1. R0 = 25 Å: FRET efficiency of residue 149 with residue 75, Cβ-based, nearest 0.05?
2. Quick check for you: which residues of segment 166-199 have the amide N under 15 Å from the point 7 Å beyond the Cα of residue 136 toward its beta carbon?
3. Quick one: length gained pulling residue 2 to residue 89 fully straight, 0.36 nm per residue minus the C-alpha distance?
4. So if I take the alpha carbon set of segment 69-179, get Rg, then get Rh from the Kirkwood formula, what is the Rg over Rh ratio?
5. Can you give me the three principal axis dimensions of segment 1-83 from its C-alpha atoms, in Å, biggest first?
6. If you wrap a convex hull around the C-alpha atoms of segment 11-198 and split its volume per residue, what is the figure in Å³?
7. Run the quick spin-label model on residue 98 and residue 198: label points 7 Å from Cα toward the beta carbon, then report their separation in nm to one decimal.
Ligand SMILES: CC(C)(COP(=O)(O)OP(=O)(O)OC[C@H]1O[C@@H](n2cnc3c(N)ncnc32)[C@H](O)[C@@H]1OP(=O)(O)O)[C@@H](O)C(=O)NCCC(=O)NCCS
């Protein structure tokens, strides 16, 4: 089937989170979370070079929403908002990117607002994204890449039992200092190896 005709059930639910595609109107919640977390994001995320204006966040939210309508896997990718089910607070974002529909395979990325770090929420979200990728997108492989020094990021695939598949030596520069660094590639090939987590998706499972 052509990707544009795929009808992907959303949102994804975990015990604490609701994960849904970006939509027009998300700019205020995303902008506030990025501004709050800018110092952390700036260190590792190439897109966090400058603090975004609200107009820039609106452009981002609209492009991300358009990608979902067209199932276009290009920047800013198929972005998902992660929402606290209890408080409705936007806590961060994850994405499907670099999808190869021939395999199929996918990569994911993530960031969390600083005030909601260290609660295990991103590990929970990426467990759900991994399950969704295998069961709904029918992927054979999901990968996470990160800078070798991004300890908090690499702990997520490690906690979830991903395999460290490769270290690409000297293939990236750190966003702030421009120093040369290595990229770690983690992958998962079977979602049955994940820590147990109740994950559902679609409209009918409240
Ligand atoms: C990468 C990033 C998302 C990790 O955030 P995080 O808060 O460390 O990850 P989680 O939300 O999964 O929280 C994990 C922590 O919560 C703790 N925790 C607390 N309650 C928990 C619970 N109920 N369940 C599981 N873990 C829990 C865990 O022990 C862990 O802390 P530890 O590593 O000190 O043991 C965050 O550092 C970030 O956004 N960085 C900037 C952007 C970035 O680098 N993105 C990745 C690019 S590759």
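Any read-out appearing in this document is the output of simple, stated calculations on the displayed coordinates, not a laboratory observation. What you see is a predicted model, and the numbers here were worked out from it, not measured in a lab. Note: ideal-geometry Cβ built from the backbone for every residue, glycine included; neighbour counts use all protein chains shown.
1. On the way: r = 24 Å, r/R0 = 0.97.
Working from the Cβ atoms, E equals 0.55.
2. 198-199
3. Net length gain for the segment: 27.9 nm.
4. Details: Rg = 14.7 Å, Rh = 15.3 Å.
For segment 69-179, the value is 0.96.
5. Between the extreme Cα coordinates on each principal axis of segment 1-83 lie 41, 30, 24 Å.
6. On the way: hull volume 21.4 nm³, N = 188.
Hull volume normalised by residue count: 114 Å³.
7. Taking the two extended label points, one gets 3.5 nm.
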